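The values are calculated or read from the model by the stated rules, or taken from the named source; none is laboratory data. Just so we're clear, the structure is a prediction, and the values are computed from it rather than from any experiment. Neighbour counts are summed over all protein chains in view; Cβ atoms, including those assigned to glycine, are modelled from backbone coordinates with ideal geometry. Calculation scope for accessible area: heavy atoms of the full protein, side chains included, ligands and nucleic acids excluded. Shrake-Rupley method; radii C 1.70, N 1.55, O 1.52, S 1.80 Å.
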Amino acid sequence: MKTVLSGIRSTGHLHLGNYFGALRNFVQLQHKAKCYFFIADLHSLTTHPKPVDFHSGVKTILSEYLASGLDPEKSTLFVQSSVPQVCELYVLLNMLTYKGELERTTSFKDKVRLNPDNVNAGLLTYPVLMAADILVHRADWVPVGKDQEQHLEITRLLARRFNKLYEVPVFPEPEAYNFGSDLVKIPGLDGSGKMGKSEENGIYLVDDQKTITKKVMRAVTDSGPVVPGSPMNPGVANLFTILGVVSEPEVVRYFREQYDNCTIRYGDLKKQLAADICRHTLPIKARIEEIYNNGPYLKYVIEKGTEEARTSARATMELVRDAVGFKSF
Ligand code: TYM
């Protein structure tokens, strides 16, 4: 049986990118594989959140996971910082990772550009901690969005390097996973880039119908194609990308034809898009608050998951420590 693992940082609220990039694939897989899903609270520390906000951030993301369909009886749900073996493996993998390899990572270069005053070592070694998350459970498949592809490449590199150096096949080489053929990148509604938690260009699973409709109606477009075959404005292309994920193929075809023959009315496209987004997200939204307020249930889910995750991580670390040469006297 395959082992599947994925995680999401513990800041903000889950958005369409998180859902269609990672969560939905995971929810589908949990019926046929051994699945681990965790909240990456250590990764969130790179931006120094206030301690008072930290725990509620974890609780919010956990409630949104569960509302999205993660089943704690099928999957193991846990918080990254409660499995100390992750940090131990992170230290060991850091010894096998070269500074130049990390400096070349696109995500690191982006973070440096956006936040030049906070280039901490945790940001540089972010992919190594992510590799530790994955390898400590010896995962085969990792459902993630396209932005994480390079991190998975580094994870495979470290798995290979460890196995080769210590001459033992401890780690499988995990693959980024999507049910469709390609990994998904959901763009923002501001005409550029990807939808993000901190970019204020997103639709969140907690948004109500009115908010979703307002955000979509305000999304960047142009005044419509004038000549058939003219290149698509990036904002319009983004709306079609989201439509391709949330709507039925015939709906996408219908609007694409209208675009191609220059009769499209963006108001109609946006109304359809908002309705199709709501169809996916509103049933999730309806469950979030009740789960968030059910303290005993959240405690049960996390205690059960933590125990399972620690057992799995301990088993891997026994192999790792043995391979490295840590022996007891
Ligand atoms: P985070 O919280 O930034 O993103 C969580 C997941 O959501 C996906 N995602 C997207 N997918 C498509 N379009 C988007 N606009 C979009 N935005 C986010 C991300 O690809 C990711 O799958 N580093 C991870 C957290 C992590 C992790 C791990 C994941 C830490 N350790 C180990 C998998 C395995 C991250 O980016 O979180």
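Just to verify a number: FRET efficiency for residue 208 and residue 165, C-beta to C-beta distance, R0 = 41 Å, to 0.05? Could the numbers behind the result be given before it?
Working: r = 53 Å, r/R0 = 1.29.
Efficiency computed from Cβ-Cβ geometry: 0.20.
For the chain, the relative contact order comes to 24 percent (Cα pairs under 8 Å, sequence separation of at least 6).
Show me the chymotrypsin sites (Phe, Trp or Tyr not before Pro) within segment 11-105 that DSSP assigns to loop and that have at most 16 other Cβ atoms within 10 Å of their Cβ.
Working: sites: 19, 20, 26, 36, 37, 38, 54, 65, 78, 90, 98; in loops: 98.
Hits after loop and neighbour filter: 98.
Once the Cα-Cα distance is subtracted from the 0.36 nm per residue extended length, the residue 2 to residue 299 segment shows a gain of 104.2 nm. Could you tell me which of rounded, prolate or oblate describes segment 107-187, using a ≥ b ≥ c as the square roots of the eigenvalues of the alpha-carbon gyration tensor, with rounded for a/c under 1.5 and, failing that, prolate when a/b is larger than b/c and oblate otherwise? The shape class here is oblate. In segment 209-289, Cα pairs under 8 Å separated by at least six residues give a relative contact order of 42 percent.
With all protein chains in place and a 1.4 Å probe, the accessible surface of segment 209-289 carries 54 percent carbon and sulfur. The angle between the Cα long axis of helix 149-166 and the longest principal axis of the Cα atoms of the chain comes to about 20 degrees, rounded to the nearest 10. Divide the volume of the convex hull around the Cα atoms of segment 141-237 by the residue count and you get 158 Å³ per residue.
Here the Karplus curve 6.51 cos²θ - 1.76 cosθ + 1.60, taken at θ = phi - 60°, turns the phi angles of segment 112-129 into couplings of 5, 5, 7, 9, x, 8, 10, 8, 8, 5, x, 5, 5, 9, 3, x, 6, 5 Hz, with x standing for Gly and Pro. Over segment 12-105, Cα pairs under 8 Å with separation of 6+ residues give a relative contact order of 40 percent. Using alpha carbon centroids, what distance separates segment 121-136 and segment 185-210, in Å? First find each Cα centre; the distance between them is then 26 Å.
Inter-label distance, residue 265 to residue 95: 6.8 nm, where each label sits 7 Å from its Cα along the C-beta direction. Magnitude of the charge dipole for the chain, about its Cα centre and with charges confined to Cβ atoms of Lys, Arg (+1) and Asp, Glu (-1), is about 120 debye.
I want to check a number: in segment 40-113, how many lysine pairs have alpha carbons closer than 23 Å, given a sequence separation of 8 or more or different chains?
Working: 50/59; 50/111; 59/74; 99/109; 99/111.
The result is 5.
Take each peptide in 214-220, 136-142, count the other Cβ atoms within 10 Å of every residue, and average; sorted highest first, the result is 136-142, 214-220.
Calculate, in nm to one decimal, what residue 113 and residue 47 gain on full extension: separation in residues at 0.36 nm each, minus their alpha carbon distance.
Numbers: separation 66, 0.36 × 66 = 23.76 nm, distance 1.44 nm.
Here the segment from residue 113 to residue 47 would lengthen by 22.3 nm.
Normalised Debye scattering of the chain at q = 0.09 Å⁻¹ gives log10 I(q)/I(0) of -0.51, counting only Cα atoms as equal scatterers and leaving out solvent. Angle of helix 85-94 to the longest C-alpha principal axis of the chain, folded into 0 to 90 degrees and rounded to 10: 90°. Here is the P(r) of segment 155-306: all C-alpha pair distances, binned every 10 Å from 0, give 9, 27, 26, 19, 13, 5, 0 in whole percents. Once the mean of 1/r is taken over each pair of separate Cα atoms and inverted, segment 160-208 shows a Kirkwood hydrodynamic radius of 14.5 Å. Charge tally around residue 290: other residues with Cβ under 14 Å, Lys/Arg +1 each, Asp/Glu -1 each, net +1.
Could you list the GluC sites (Glu not before Pro) in segment 1-94 that lie in coil according to DSSP, counting only those with at most 13 other Cβ atoms within 10 Å of their Cβ? Counting only loop positions with at most 13 other Cβ atoms within 10 Å, the GluC sites (Glu not before Pro) in segment 1-94 are 73. Taking every lysine pair in segment 214-300 that is 8 or more places apart or spans two chains, those with Cα atoms closer than 23 Å amount to 9.
Of the DSSP beta bridges with both residues in the chain, give the percent that are antiparallel, rounding to the nearest 5.
Numbers: 2 of 18 bridges.
Approximately 10 percent, going by the DSSP bridge assignments.
Enumerate the aspartates and glutamates that residue 146 could reach by cross-link, defined here as Cα to Cα under 20 Å, with residues fewer than 8 away along the same chain left out. Cross-link targets: 101, 103, 110, 133, 173, 175, 182, 190, 199, 200.
Computed from Cα atoms, the angle from the helix 266-292 axis to the main principal axis of the chain rounds to 40 degrees.
Which net charge results for the neighbourhood of residue 71, defined as the other residues with beta-carbon distances under 15 angstrom from its beta-carbon, given Lys and Arg at +1 and Asp and Glu at -1? Please report the intermediate quantities before stating the final value.
Working: positive: 24, 32, 34, 74, 287, 304; negative: 64, 73, 308.
Once all neighbours under 15 Å are counted, the net charge is +3.
Within a Cβ distance under 15 Å of residue 156, other residues only, what is the Lys/Arg minus Asp/Glu net charge? If you can, show how the numbers build up before the last one.
Values: positive: 138, 160, 161, 164; negative: 101, 133, 140, 149, 153, 173, 175.
Neighbour charge sum, excluding residue 156 itself: -3.
Here residue 32 is the anchor, and the aspartates and glutamates within straight C-alpha reach of less than 14 Å, apart from those fewer than 8 places off in the same chain, are 71, 73, 140. In plain terms, if you count all Cα to Cα distances in segment 209-289 and split them into 5 Å steps from zero, the share in each step is 3, 15, 26, 24, 16, 8, 4, 2, 1, 0 percent.
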